[in-house]
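Step one of this worksheet: look at the structure below.
What follows draws every value from the coordinates through simple rules; no lab data is involved. Since this is a predicted model, take the numbers as computed values, not measurements. All Cβ positions, glycine included, derive from the backbone under ideal geometry; neighbour counts span all protein chains shown.
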Amino acid sequence: MIAPWLQPQWDGINLAACPNALLLHGQAGIGKADFALTLAKALVCEASPNGNNKPCNCCEACRWFDTGNHPDFVALVPETHRRFMPNEALEGADGDPSPSKKTKQLRDEEGDSVEKKEKKNIAIEEARSAIEGLMIGTHRGGNRVVLVYPLESLRAGAANTLLKSLEEPPSSTIFILVTSRLDRVLPTIRSRCRLIALPPPDRASGLTWLRHEIAARPELTVSNDELETIFYEQGGAPYATLDFLSAKQDQNEKDELFVSIQASRYLLQGLFQGVRIDWLDVAEKTHKASFAVLLASMQRWLADLQGSAQANAVRFYPKHAGTIGVLAKQVRIEKLLRLWKGVTQARRHENHPLATRIQLESLLMQYQQIFGD
Ligand SMILES: [Zn+2]
């Protein structure tokens with residue numbers, strides 16, 4: 001299903017003349033995966049073109065796609081993202097809840113298991129063999145689609161194999177690469193793709209869509225007020241908001257997203273304190289959550305401080321406009337900009353497991369120092 005705010009981008013794609021590599025990029029949690037899957041399905045659909053570019057959902061190819069059995073659809077997706085894929089689309093997902101990964105439960109100094117990190121990456125061997133398999137013809141004689149999602153989870157070795165494949169594209173093969181971190185995509189890969197920027201919705205349409213989705217899921221209970229708060233915390237990303245509500249409903253304390261969002265709330269409460277922030281405590285209580293989520297929250301908060309200080313505009317946390325306005329008056333703008341740079345740099349290495357806590361402490365300490373001299 002294409003999110004309504006992505007319809008213009010969808011309409012811009014001509015399936016009959018699709019480039020052999022597309023790079024879909026945009027903020028996390030706005031519907032890129034759904035967009036990519038619908039596109040993949042439309043490309044393998046065998047019904048005669050119906051004018052609206054959409055998959056017919058009735059032909060044999062569409063049905064195979066839905067059950068994850070289409071032989072010309074290859075999905076390179078790490079374990080952490082497999083829940084977005086059609087049923088059993090992937091090897092190892094055939095009802096076995098614990099795929100036979102032999103990774104040992106090693107722990108690094110941060111206490112995160114190595115296995116957990118491995119799950120965030122696409123296995124190199126899996127990627128290589130899938131890409132090498134493209135040398136043989138397609139099974140159905142139509143298009144073959146290779147989805148890589150998210151692209152940043154492809155590690156260097158596998159990325160090189162992908163690059164070779166993009167340089168000499170196998171016939172009838174279309175690569176759909178998806179990323180929320182365009183800045184981390186290798187320029188050599190980027191230059192061989194047609195880039196399609198997928199935007200987030202404006203606030204009103206994002207909230208309307210969410211209310212509609214929530215109405216269809218009676219198990220999700222949330223007040224309008226709470227919904228807006230979470231939506232803003234998620235940087236206006238509706239899919240991310242919905243994911244959070246589901247995790248919250250399940251009271252799934254082990255869900256990584258849930259843990260991260262609880263932690264970023266704690267982080268925000270710390271940031272509210274301005275110069276009085278107890279940064280050691282905040283780092284202590286949050287450092288085990290996803291560094292990427294924490295950094296994104298911090299970046300949004302700093303953007304609002306800057307916006308408030310320079311243009312009296314608050315974009316991400318309008319509910320806290322009052323607090324932000326007060327803090328913005330105490331901020332030394334050049335220090336704020338330096339911290340902003342620091343956070344941006346940290347985001348480039350956010351999946352690097354080392355020293356999360358030390359980095360977090362350092363950034364929070366710098367935050368305390370942006371207030372006053
Ligand atoms: Zn079809």
Exercise. Based on other C-beta atoms within 10 Å, arrange 163, 271, 76 from fewest to most.
Key: 163, 76, 271
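Could you calculate the contour length gain from residue 58 to residue 249, that is, 0.36 nm times the residue separation minus the distance between their Cα atoms, to one decimal place in nm?
On the way: separation 191, 0.36 × 191 = 68.76 nm, distance 3.38 nm.
Here the answer is 65.4 nm.
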Exercise. With springs only between Cα atoms under 10 Å apart, run a GNM on the chain and tell me which of 236, 206, 133 wobbles the most.
Key: 133
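For the chain, give the magnitude of the charge dipole about the Cα centre (Cβ charges: +1 Lys/Arg, -1 Asp/Glu; no others), in debye to the nearest 20.
900
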Quiz item: If R0 is 41 Å, what FRET efficiency do you get for residue 136 and residue 204 from their C-beta distance, rounded to 0.05?
Solution: 0.25
Quiz item: Label points 7 Å out from Cα along the Cβ direction at residue 224 and residue 83: separation in nm?
Solution: 2.9
Quiz item: What is the gain in length, in nm to one decimal, between residue 46 and residue 164 on full extension, counting 0.36 nm per residue of separation less the C-alpha to C-alpha distance?
Solution: 39.6 nm
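Mind sorting 171, 246 by how few other Cβ atoms lie within 10 Å of their own Cβ, fewest first?
Arranged by neighbour count, lowest to highest, 171, 246 become 171, 246.
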Quiz item: Using alpha carbons only, how many degrees (0 to 90, rounded to 10) separate the axis of helix 224-233 from the longest principal axis of the chain?
Solution: 90
Quiz item: Against the longest alpha carbon principal axis of the chain, how many degrees, from 0 to 90 and to the nearest 10, is the axis of helix 238-249 turned?
Solution: 80
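What order do you get for 287, 349 when you list them from fewest to most C-beta neighbours inside 10 Å?
Values: 287 18, 349 15.
So the residues, fewest neighbours to most, are 349, 287.
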Quiz item: Between the helical axis of 203-215 and the dominant principal axis of the chain, each derived from Cα atoms, what acute angle in degrees is found, rounded to the nearest 10?
Solution: 70
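What percent antiparallel are the DSSP beta bridges of the chain, to the nearest 5? Show your work: numbers first, answer last.
Details: 2 of 21 bridges.
Restricted to the chain, the bridges split so that about 10 percent are antiparallel.
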Practice problem: Please build a GNM for the chain, connecting alpha carbons under 10 Å apart, and tell me which residue among 11, 66, 34 fluctuates the most. | Solution: 11
Self-check item: Alpha-carbon centroid distance for the pair the range 177-205 / the range 23-83, whole angstrom
Solution: 18
Quiz prompt | Fully extended contour minus Cα-Cα distance, from residue 215 to residue 183, at 0.36 nm per residue | solution = 7.9 nm
Self-check item: Hydrodynamic radius by Kirkwood, which averages 1/r over all alpha carbon pairs of the chain, in angstrom
Solution: 22.3
Exercise. About the Cα centre of the range 253-369, how large is the charge dipole given +1 on each Lys and Arg Cβ and -1 on each Asp and Glu Cβ? Please answer in debye to the nearest 20.
Key: 360
